[in-house]
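To start, the structure under review is shown below, and the notes come after it.
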Amino acid sequence: MRISMIAGLALAACAGAALAGPMSNPPTERTICIDVGGQSLPAVCKVPASRLDKREDFCLCNEGVKVTAPVCGPGERAPAENIAYEKARKAAARDGSLIGDLYEGRAMCVAARDPLSGF
């Protein structure tokens, strides 16, 4: 009886760890804030306490409009911030998302959150 109970608890612990999922899955999108001119503003986000987990639970914009943007993939960089890009980003963000939008043939992506720096 005691052995079967211990085996059952061990099995339940393994199943719980499997359901939790790996934390190495990087997020594919982030929330950014955009002001009326298309400039990027900081978003205030609630994030996990882990330095390894790069997810954002939810974000708010104290100023500007809340927009969902794709995270740049490996080897991909966000377009340089300039007036032309800000105007294009403002126009593309009218639907609340930059996912699938391009600027000069490149995705309008943003860098992944760096848990060590807090941004």
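Only the coordinates and a few stated rules stand behind these numbers; no lab work does. Bear in mind the structure is a predicted one, so any value in this text is a computation, not a measurement. As a convention, Cβ positions derive from the backbone with ideal geometry for all residues, glycine included, and neighbour counts pool all protein chains shown.
Miscellaneous remarks
- Applying 1/(1 + (r/R0)^6) with R0 = 25 Å to the Cβ-Cβ distance of Ala112 and Val36 gives a FRET efficiency near 0.40.
- Between the amide H of Val71 and those of Glu29, Arg30, Val110, distances stay under 5 Å, these residues lying 5 or more places away or on another chain, with hydrogens modeled in the peptide plane.
- The charge dipole of segment 34-111, taken about the Cα centre with unit charges on the Cβ atoms of Lys, Arg (+1) and Asp, Glu (-1), comes to about 100 debye, rounded to the nearest 20.
- P(r) tail for segment 31-89: Cα pairs beyond 19 Å make up 39% of the total.
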